[in-house]
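Engineer: Let me give you the structure first, and then I'll get to my questions.
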Amino acid sequence: MTDSSRPNESATEAWITGIGLATSLGEGLDANWDGLNQQRVNVDEKGFAPYVVHPLAPVSFDAQIPKKGDQRQMEAWQRIGTYAAGLALDSAGIKGNKDILARMDMIVAAGGGERDLAVDSAILNAEAKGNAAPGFLNERLMSDLRPTLFLAQLSNLLAGNIAIVHGVTGSSRTFMGEEAAGVDAARIALARIAAGQSDIALVGAAHNGERKDLLVLYEFGDFNLKNKYAPVWARGEQSGFALGSGGAFLVIESRKHAEARGAKPYARLSNVVADRAARKNPGDVTATLNKLWSKLGKLDDSAAIITGATGAEPVTSEERAFLAAHPGAAVRATGTTFGHTLETQFPLGLALAALSISRGKLFPPNDTSGLEIETAKAPSQIVVIGAGHWRGEGMALVEAPR
(Lines give C-alpha, C1' and ligand atoms only; values in the text may rest on other atoms or scores of the structure.)
Protein backbone atom coordinates (compact mmCIF):
# COMPACT_ATOMS: atom_id res chain seq x y z
CA MET A 1 0.00 0.00 0.00
CA THR A 2 1.23 3.47 -0.85
CA ASP A 3 2.57 5.38 2.15
CA SER A 4 0.33 8.45 2.48
CA SER A 5 1.96 9.68 5.67
CA ARG A 6 3.57 12.65 3.94
CA PRO A 7 2.43 14.66 0.94
CA ASN A 8 4.26 13.87 -2.27
CA GLU A 9 5.15 17.08 -4.07
CA SER A 10 5.19 15.24 -7.41
CA ALA A 11 1.75 13.73 -6.84
CA THR A 12 -1.30 15.01 -8.63
CA GLU A 13 -2.96 17.84 -6.75
CA ALA A 14 -6.51 17.07 -5.55
CA TRP A 15 -9.22 19.72 -5.44
CA ILE A 16 -12.57 19.66 -3.67
CA THR A 17 -14.90 21.00 -6.35
CA GLY A 18 -18.31 19.94 -5.03
CA ILE A 19 -19.96 19.81 -1.60
CA GLY A 20 -23.35 18.37 -0.71
CA LEU A 21 -24.80 18.76 2.79
CA ALA A 22 -28.12 17.67 4.24
CA THR A 23 -28.01 17.99 8.03
CA SER A 24 -29.93 18.98 11.13
CA LEU A 25 -29.31 22.62 10.13
CA GLY A 26 -30.77 22.28 6.65
CA GLU A 27 -29.89 21.37 3.10
CA GLY A 28 -27.25 23.02 0.96
CA LEU A 29 -24.24 25.16 1.69
CA ASP A 30 -25.97 28.46 2.44
CA ALA A 31 -28.40 26.96 4.96
CA ASN A 32 -25.62 25.20 6.83
CA TRP A 33 -23.26 28.16 6.70
CA ASP A 34 -25.94 30.54 7.94
CA GLY A 35 -26.89 28.15 10.73
CA LEU A 36 -23.29 27.82 11.87
CA ASN A 37 -22.80 31.59 11.90
CA GLN A 38 -26.05 32.07 13.80
CA GLN A 39 -24.89 29.38 16.26
CA ARG A 40 -28.13 27.47 15.78
CA VAL A 41 -28.53 23.96 17.15
CA ASN A 42 -31.43 21.72 16.13
CA VAL A 43 -31.80 19.21 18.93
CA ASP A 44 -34.61 16.96 20.19
CA GLU A 45 -34.55 16.07 23.90
CA LYS A 46 -38.07 14.60 24.05
CA GLY A 47 -38.79 12.49 20.96
CA PHE A 48 -36.38 9.73 21.99
CA ALA A 49 -36.15 10.55 25.71
CA PRO A 50 -34.03 10.12 27.68
CA TYR A 51 -31.69 10.19 24.68
CA VAL A 52 -30.74 13.40 22.88
CA VAL A 53 -30.91 13.42 19.06
CA HIS A 54 -30.17 15.98 16.30
CA PRO A 55 -32.93 15.32 13.73
CA LEU A 56 -32.62 15.93 10.00
CA ALA A 57 -34.02 19.30 8.96
CA PRO A 58 -37.03 19.04 6.59
CA VAL A 59 -35.98 18.39 3.00
CA SER A 60 -37.91 17.69 -0.18
CA PHE A 61 -36.36 14.45 -1.40
CA ASP A 62 -38.16 14.89 -4.73
CA ALA A 63 -35.62 17.57 -5.68
CA GLN A 64 -32.79 15.04 -5.95
CA ILE A 65 -34.68 11.70 -6.06
CA PRO A 66 -37.57 12.43 -8.45
CA LYS A 67 -39.03 8.90 -8.66
CA LYS A 68 -41.26 8.00 -5.72
CA GLY A 69 -40.55 4.32 -6.36
CA ASP A 70 -36.84 4.93 -5.81
CA GLN A 71 -37.57 6.75 -2.57
CA ARG A 72 -39.88 4.02 -1.26
CA GLN A 73 -37.36 1.22 -1.63
CA MET A 74 -34.66 3.16 0.26
CA GLU A 75 -34.24 3.29 4.00
CA ALA A 76 -33.97 6.78 5.50
CA TRP A 77 -30.16 6.80 5.61
CA GLN A 78 -30.06 5.93 1.90
CA ARG A 79 -32.46 8.73 1.00
CA ILE A 80 -30.36 11.18 3.01
CA GLY A 81 -27.15 10.03 1.32
CA THR A 82 -28.55 9.92 -2.21
CA TYR A 83 -29.94 13.42 -1.68
CA ALA A 84 -26.63 14.79 -0.37
CA ALA A 85 -24.76 13.12 -3.23
CA GLY A 86 -27.02 14.88 -5.73
CA LEU A 87 -26.31 18.21 -4.06
CA ALA A 88 -22.56 17.55 -4.36
CA LEU A 89 -22.87 16.76 -8.06
CA ASP A 90 -24.89 19.95 -8.56
CA SER A 91 -22.29 21.92 -6.62
CA ALA A 92 -19.52 20.56 -8.84
CA GLY A 93 -21.47 21.35 -12.00
CA ILE A 94 -21.53 17.75 -13.25
CA LYS A 95 -25.12 16.71 -12.50
CA GLY A 96 -26.40 14.95 -15.62
CA ASN A 97 -23.01 14.99 -17.37
CA LYS A 98 -23.09 11.38 -18.55
CA ASP A 99 -19.53 11.39 -19.87
CA ILE A 100 -18.02 12.35 -16.50
CA LEU A 101 -20.48 10.38 -14.36
CA ALA A 102 -19.82 7.19 -16.33
CA ARG A 103 -16.16 7.21 -15.28
CA MET A 104 -16.54 8.83 -11.89
CA ASP A 105 -15.32 6.75 -8.96
CA MET A 106 -17.56 6.46 -5.90
CA ILE A 107 -16.26 5.78 -2.39
CA VAL A 108 -18.88 5.56 0.34
CA ALA A 109 -18.70 5.00 4.10
CA ALA A 110 -21.80 3.21 5.35
CA GLY A 111 -23.35 1.37 8.24
CA GLY A 112 -25.22 -1.91 8.09
CA GLY A 113 -28.72 -0.65 7.38
CA GLU A 114 -31.88 -0.32 9.42
CA ARG A 115 -34.18 -2.73 11.23
CA ASP A 116 -37.93 -3.17 10.85
CA LEU A 117 -38.85 -2.50 14.48
CA ALA A 118 -42.45 -3.65 14.17
CA VAL A 119 -41.38 -7.08 12.93
CA ASP A 120 -38.57 -7.36 15.46
CA SER A 121 -40.94 -6.47 18.31
CA ALA A 122 -43.58 -8.95 17.22
CA ILE A 123 -41.04 -11.77 17.04
CA LEU A 124 -39.50 -10.96 20.41
CA ASN A 125 -42.91 -10.67 22.08
CA ALA A 126 -44.00 -14.02 20.67
CA GLU A 127 -40.77 -15.63 21.88
CA ALA A 128 -41.21 -14.11 25.34
CA LYS A 129 -44.78 -15.41 25.59
CA GLY A 130 -43.81 -18.92 24.46
CA ASN A 131 -45.75 -18.65 21.21
CA ALA A 132 -42.84 -19.48 18.94
CA ALA A 133 -43.26 -22.88 17.35
CA PRO A 134 -40.39 -24.53 15.41
CA GLY A 135 -39.79 -22.62 12.20
CA PHE A 136 -41.59 -19.57 13.60
CA LEU A 137 -38.69 -17.18 13.03
CA ASN A 138 -38.16 -18.11 9.39
CA GLU A 139 -41.89 -18.02 8.71
CA ARG A 140 -42.27 -14.53 10.15
CA LEU A 141 -39.22 -13.19 8.36
CA MET A 142 -40.44 -14.56 5.04
CA SER A 143 -43.99 -13.24 5.42
CA ASP A 144 -43.55 -9.98 7.35
CA LEU A 145 -40.52 -8.35 5.72
CA ARG A 146 -40.97 -6.65 2.38
CA PRO A 147 -38.81 -8.24 -0.34
CA THR A 148 -36.35 -5.35 -0.54
CA LEU A 149 -35.61 -5.10 3.17
CA PHE A 150 -32.78 -7.61 3.19
CA LEU A 151 -31.19 -5.81 0.26
CA ALA A 152 -31.81 -2.46 1.92
CA GLN A 153 -29.78 -3.65 4.90
CA LEU A 154 -26.66 -4.10 2.78
CA SER A 155 -24.13 -1.34 3.30
CA ASN A 156 -23.37 -0.99 -0.41
CA LEU A 157 -26.98 -0.16 -1.26
CA LEU A 158 -26.25 3.55 -0.70
CA ALA A 159 -23.69 3.46 -3.50
CA GLY A 160 -26.12 1.41 -5.57
CA ASN A 161 -28.90 3.92 -5.17
CA ILE A 162 -26.59 6.82 -6.02
CA ALA A 163 -25.61 4.95 -9.18
CA ILE A 164 -29.26 4.35 -10.11
CA VAL A 165 -30.56 7.83 -9.33
CA HIS A 166 -27.61 9.98 -10.40
CA GLY A 167 -25.84 7.78 -12.95
CA VAL A 168 -22.47 7.59 -11.18
CA THR A 169 -21.24 4.36 -12.74
CA GLY A 170 -17.45 4.28 -12.48
CA SER A 171 -15.77 2.07 -9.89
CA SER A 172 -17.55 1.75 -6.54
CA ARG A 173 -16.19 1.05 -3.06
CA THR A 174 -18.05 0.93 0.25
CA PHE A 175 -16.26 0.94 3.59
CA MET A 176 -17.76 -0.13 6.90
CA GLY A 177 -16.28 0.60 10.32
CA GLU A 178 -18.09 3.59 11.82
CA GLU A 179 -15.98 6.77 12.07
CA ALA A 180 -12.86 5.13 10.63
CA ALA A 181 -14.76 4.23 7.45
CA GLY A 182 -15.27 7.92 6.71
CA VAL A 183 -11.55 8.57 7.14
CA ASP A 184 -10.61 5.72 4.82
CA ALA A 185 -13.10 6.79 2.15
CA ALA A 186 -11.33 10.14 1.89
CA ARG A 187 -7.87 8.61 2.24
CA ILE A 188 -8.35 6.13 -0.59
CA ALA A 189 -9.93 8.74 -2.88
CA LEU A 190 -6.98 11.08 -2.37
CA ALA A 191 -4.44 8.28 -2.85
CA ARG A 192 -6.03 7.21 -6.14
CA ILE A 193 -6.11 10.77 -7.49
CA ALA A 194 -2.57 11.53 -6.30
CA ALA A 195 -1.31 8.36 -8.01
CA GLY A 196 -3.08 9.17 -11.26
CA GLN A 197 -5.41 6.16 -10.94
CA SER A 198 -8.50 8.36 -10.81
CA ASP A 199 -9.49 11.74 -12.21
CA ILE A 200 -12.65 12.42 -10.21
CA ALA A 201 -14.45 10.79 -7.30
CA LEU A 202 -17.66 11.16 -5.29
CA VAL A 203 -16.86 10.57 -1.62
CA GLY A 204 -19.09 10.68 1.42
CA ALA A 205 -21.51 9.07 3.82
CA ALA A 206 -24.95 9.34 5.38
CA HIS A 207 -26.43 8.56 8.77
CA ASN A 208 -29.90 8.37 10.25
CA GLY A 209 -29.63 9.03 13.97
CA GLU A 210 -33.38 8.94 14.56
CA ARG A 211 -33.44 5.19 15.10
CA LYS A 212 -34.50 3.40 18.27
CA ASP A 213 -32.48 0.33 17.30
CA LEU A 214 -29.28 2.38 17.13
CA LEU A 215 -30.00 4.10 20.42
CA VAL A 216 -30.45 0.69 22.07
CA LEU A 217 -27.23 -0.56 20.49
CA TYR A 218 -25.16 2.37 21.75
CA GLU A 219 -26.85 2.31 25.13
CA PHE A 220 -25.34 -1.14 25.67
CA GLY A 221 -21.94 0.59 25.56
CA ASP A 222 -23.16 3.58 27.61
CA PHE A 223 -22.33 5.96 24.75
CA ASN A 224 -25.58 7.95 24.51
CA LEU A 225 -25.97 11.50 25.80
CA LYS A 226 -29.01 11.50 28.08
CA ASN A 227 -31.61 13.93 29.37
CA LYS A 228 -30.12 17.31 28.49
CA TYR A 229 -28.14 18.69 25.56
CA ALA A 230 -24.76 20.35 26.14
CA PRO A 231 -21.91 21.32 23.77
CA VAL A 232 -19.34 18.57 23.25
CA TRP A 233 -16.64 20.14 25.44
CA ALA A 234 -19.07 21.03 28.25
CA ARG A 235 -20.48 17.57 28.93
CA GLY A 236 -18.05 16.65 31.68
CA GLU A 237 -19.44 13.83 33.78
CA GLN A 238 -22.54 13.80 31.57
CA SER A 239 -20.52 12.23 28.78
CA GLY A 240 -21.87 10.68 25.61
CA PHE A 241 -22.81 11.53 22.05
CA ALA A 242 -26.10 12.75 20.68
CA LEU A 243 -26.77 10.88 17.47
CA GLY A 244 -27.30 13.12 14.45
CA SER A 245 -28.93 12.63 11.07
CA GLY A 246 -27.13 13.92 8.02
CA GLY A 247 -25.39 13.30 4.75
CA ALA A 248 -22.11 14.80 3.51
CA PHE A 249 -20.64 14.19 0.06
CA LEU A 250 -17.67 15.71 -1.73
CA VAL A 251 -16.54 15.76 -5.32
CA ILE A 252 -12.76 15.40 -5.29
CA GLU A 253 -10.84 15.61 -8.55
CA SER A 254 -7.40 16.21 -9.94
CA ARG A 255 -6.52 19.81 -10.60
CA LYS A 256 -5.86 19.01 -14.26
CA HIS A 257 -9.31 17.44 -14.69
CA ALA A 258 -11.02 20.34 -12.92
CA GLU A 259 -9.22 22.99 -14.94
CA ALA A 260 -9.98 21.19 -18.19
CA ARG A 261 -13.69 21.54 -17.53
CA GLY A 262 -13.43 25.02 -16.06
CA ALA A 263 -14.28 24.03 -12.48
CA LYS A 264 -13.23 26.18 -9.53
CA PRO A 265 -12.10 24.61 -6.25
CA TYR A 266 -13.53 25.19 -2.82
CA ALA A 267 -10.24 23.97 -1.37
CA ARG A 268 -7.35 21.59 -1.84
CA LEU A 269 -7.23 18.22 -0.08
CA SER A 270 -3.53 17.83 0.63
CA ASN A 271 -3.25 14.82 2.90
CA VAL A 272 -5.26 12.22 4.79
CA VAL A 273 -3.65 9.96 7.40
CA ALA A 274 -5.14 7.24 9.58
CA ASP A 275 -4.21 4.94 12.43
CA ARG A 276 -5.76 2.79 15.12
CA ALA A 277 -4.57 3.24 18.68
CA ALA A 278 -4.57 0.15 20.87
CA ARG A 279 -6.53 2.09 23.53
CA LYS A 280 -5.27 -0.23 26.23
CA ASN A 281 -3.62 2.44 28.35
CA PRO A 282 -4.52 6.05 29.19
CA GLY A 283 -2.92 8.39 26.69
CA ASP A 284 -2.90 5.97 23.75
CA VAL A 285 -5.26 8.12 21.68
CA THR A 286 -3.37 11.32 22.56
CA ALA A 287 -0.12 9.74 21.42
CA THR A 288 -1.66 8.55 18.15
CA LEU A 289 -3.11 11.98 17.40
CA ASN A 290 0.33 13.53 18.01
CA LYS A 291 1.83 11.04 15.58
CA LEU A 292 -0.79 11.75 12.90
CA TRP A 293 -0.29 15.51 13.31
CA SER A 294 3.41 15.10 12.58
CA LYS A 295 2.60 13.27 9.33
CA LEU A 296 0.32 15.90 7.83
CA GLY A 297 3.11 18.06 6.40
CA LYS A 298 4.15 21.66 7.01
CA LEU A 299 1.53 23.43 9.13
CA ASP A 300 1.22 27.14 9.77
CA ASP A 301 0.87 28.43 13.31
CA SER A 302 -2.53 29.76 12.32
CA ALA A 303 -3.91 26.39 11.16
CA ALA A 304 -7.43 25.86 12.47
CA ILE A 305 -8.94 22.55 13.61
CA ILE A 306 -12.35 21.07 12.86
CA THR A 307 -12.90 17.95 14.91
CA GLY A 308 -15.58 15.29 15.01
CA ALA A 309 -15.03 14.80 18.75
CA THR A 310 -17.85 12.59 19.97
CA GLY A 311 -18.43 13.65 23.57
CA ALA A 312 -18.05 10.02 24.67
CA GLU A 313 -15.36 9.08 27.15
CA PRO A 314 -12.53 8.43 27.57
CA VAL A 315 -11.64 9.32 23.97
CA THR A 316 -12.91 12.90 24.16
CA SER A 317 -10.71 13.71 27.15
CA GLU A 318 -7.72 12.17 25.37
CA GLU A 319 -8.40 14.28 22.30
CA ARG A 320 -8.75 17.32 24.52
CA ALA A 321 -5.29 16.58 25.95
CA PHE A 322 -3.94 16.59 22.39
CA LEU A 323 -5.65 19.91 21.66
CA ALA A 324 -4.11 21.42 24.80
CA ALA A 325 -0.74 21.14 23.07
CA HIS A 326 -2.06 23.51 20.35
CA PRO A 327 -3.52 26.37 22.41
CA GLY A 328 -3.30 28.88 19.57
CA ALA A 329 -5.46 26.85 17.19
CA ALA A 330 -9.07 27.84 16.65
CA VAL A 331 -10.96 24.61 17.32
CA ARG A 332 -14.50 23.78 16.20
CA ALA A 333 -16.33 20.58 17.23
CA THR A 334 -18.96 19.53 14.71
CA GLY A 335 -20.72 17.31 17.26
CA THR A 336 -21.93 20.38 19.16
CA THR A 337 -24.03 21.56 16.22
CA PHE A 338 -24.74 18.46 14.13
CA GLY A 339 -24.61 15.68 16.70
CA HIS A 340 -22.54 12.57 16.10
CA THR A 341 -23.09 11.13 12.64
CA LEU A 342 -20.67 8.18 12.85
CA GLU A 343 -19.47 7.37 9.29
CA THR A 344 -20.47 10.84 8.14
CA GLN A 345 -18.53 12.76 10.80
CA PHE A 346 -15.21 12.92 8.93
CA PRO A 347 -16.67 13.79 5.49
CA LEU A 348 -18.76 16.44 7.27
CA GLY A 349 -15.58 17.93 8.76
CA LEU A 350 -13.93 17.96 5.34
CA ALA A 351 -16.96 19.68 3.84
CA LEU A 352 -17.02 22.38 6.52
CA ALA A 353 -13.27 22.91 6.21
CA ALA A 354 -13.51 23.38 2.44
CA LEU A 355 -16.53 25.66 2.85
CA SER A 356 -14.70 27.78 5.45
CA ILE A 357 -11.65 28.18 3.23
CA SER A 358 -13.77 29.10 0.21
CA ARG A 359 -15.68 31.73 2.20
CA GLY A 360 -12.58 33.22 3.75
CA LYS A 361 -13.41 32.72 7.42
CA LEU A 362 -13.99 30.13 10.08
CA PHE A 363 -17.49 29.87 11.50
CA PRO A 364 -17.80 31.07 15.12
CA PRO A 365 -17.45 28.83 18.18
CA ASN A 366 -20.56 27.41 19.80
CA ASP A 367 -18.98 26.32 23.04
CA THR A 368 -19.46 27.25 26.68
CA SER A 369 -16.29 25.61 28.03
CA GLY A 370 -13.78 28.17 26.71
CA LEU A 371 -11.85 25.65 24.62
CA GLU A 372 -13.02 27.09 21.30
CA ILE A 373 -11.72 30.58 20.64
CA GLU A 374 -12.79 33.33 18.25
CA THR A 375 -10.64 34.13 15.25
CA ALA A 376 -10.85 36.78 12.55
CA LYS A 377 -8.12 35.23 10.42
CA ALA A 378 -9.01 33.89 6.99
CA PRO A 379 -7.99 30.22 7.23
CA SER A 380 -5.50 28.92 4.69
CA GLN A 381 -5.06 25.57 6.43
CA ILE A 382 -7.60 23.53 8.38
CA VAL A 383 -6.86 20.18 10.00
CA VAL A 384 -9.84 17.84 10.20
CA ILE A 385 -9.69 15.34 13.07
CA GLY A 386 -11.70 12.18 13.56
CA ALA A 387 -11.28 10.01 16.66
CA GLY A 388 -13.84 7.22 16.83
CA HIS A 389 -15.93 6.71 19.94
CA TRP A 390 -14.62 3.13 20.17
CA ARG A 391 -11.68 2.85 17.77
CA GLY A 392 -9.92 4.47 14.83
CA GLU A 393 -8.24 7.85 14.40
CA GLY A 394 -7.63 10.02 11.36
CA MET A 395 -6.62 13.49 10.20
CA ALA A 396 -6.78 15.46 6.97
CA LEU A 397 -5.15 18.67 5.82
CA VAL A 398 -7.44 20.95 3.82
CA GLU A 399 -5.77 24.03 2.31
CA ALA A 400 -6.46 27.02 0.15
CA PRO A 401 -5.78 26.27 -3.53
CA ARG A 402 -2.36 27.32 -4.80
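The values are calculated or read from the model by the stated rules, or taken from the named source; none is laboratory data. Values in this document were obtained by computation on a predicted structure and should not be read as measured data. Every residue, glycine among them, receives a Cβ derived from its backbone with ideal geometry; neighbour counts consider all protein chains shown.
Engineer: Return the total of residues in region 186-238 being of a type in the set (S, T, N, Q) and within 28 Å of Asn271 (Cα to Cα). First the steps, then the outcome.
Structural biologist: Narrowing region 186-238 to residues of a type in the set (S, T, N, Q): 197-198, 208, 224, 227, 238.
Now restrict to residues that are within 28 Å of Asn271 (Cα to Cα): 197-198.
Residues that pass the stated criteria total 2.
Engineer: While we're looking at this one, here's another question. Consider Glu27 carefully, then state whether it is surrounded by 19 or more Cβ atoms within 10 Å (Cβ to Cβ), modelled with pLDDT of 95 or more and among the charged types (D, E, K, R). Don't jump to the end; show me each part of the working.
Structural biologist: Numbers: surrounded by 19 or more Cβ atoms within 10 Å (Cβ to Cβ): yes; modelled with pLDDT of 95 or more: yes; among the charged types (D, E, K, R): yes.
The answer is yes for Glu27.
Engineer: Pick out the one residue from Gly96, Gly69, Gly130, Gly47 that is over 16 Å from the mean Cα position of the chain (by Cα), surrounded by fewer than 19 Cβ atoms within 10 Å (Cβ to Cβ) and under 23 Å from Pro265 (Cβ atoms).
Structural biologist: On the way: Gly69 fails: under 23 Å from Pro265 (Cβ atoms); Gly130 fails: under 23 Å from Pro265 (Cβ atoms); Gly47 fails: under 23 Å from Pro265 (Cβ atoms).
Going through Gly96, Gly69, Gly130, Gly47 in turn, just one is over 16 Å from the mean Cα position of the chain (by Cα), surrounded by fewer than 19 Cβ atoms within 10 Å (Cβ to Cβ) and under 23 Å from Pro265 (Cβ atoms): Gly96.
Engineer: A follow-up question, please. Filter region 251-286 down to the residues that are in contact with a Gly (Cβ under 6 Å, 6 or more places away or on another chain) and within 25 Å of Ala333 (Cβ to Cβ) and list them by number.
Structural biologist: Asn271, Ala274, Arg276
Engineer: Somewhere in region 192-199, is a residue crowded, with 18+ Cβ neighbours inside 10 Å, within 27 Å of Glu13 (Cβ to Cβ) and basic (Lys, Arg)?
Structural biologist: Narrowing region 192-199 to residues crowded, with 18+ Cβ neighbours inside 10 Å: 192-194, 198-199.
Of the ones still in play, those that are also within 27 Å of Glu13 (Cβ to Cβ) are 192-194, 198-199.
If we keep only those that are basic (Lys, Arg) as well, we get 192.
For region 192-199, residues crowded, with 18+ Cβ neighbours inside 10 Å, within 27 Å of Glu13 (Cβ to Cβ) and basic (Lys, Arg): present.
Engineer: What are the pairs with Cβ atoms under 7 angstrom where one residue, in region 359-380, is touching a residue at least 12 places away in the same chain (Cβ under 8 Å) and the other, located anywhere, is of a type in the set (Val, Ile, Thr) and outside any loop (DSSP other than H, G, I, E, B)? Sequence gap at least six, or different chains.
Structural biologist: Note: pairs meeting the criteria are Asn366/Thr336; Asn366/Thr337; Asp367/Thr336; Leu371/Val331; Glu372/Val331; Pro379/Ile357.
Engineer: Say whether the condition of being under 30 Å from Lys46 (Cα atoms), surrounded by fewer than 19 Cβ atoms within 10 Å (Cβ to Cβ) and basic (Lys, Arg) is met by at least one residue in region 170-185.
Structural biologist: No, the conditions are met nowhere in region 170-185.
Engineer: Check Gly236 against each of (1) without any contact (Cβ under 8 Å) to a residue 12 or more places away in the chain; (2) of a type outside the set (S, T, N, Q); (3) more than 24 Å from Glu319 (Cα to Cα) and name the one condition it does not meet.
Structural biologist: (3)
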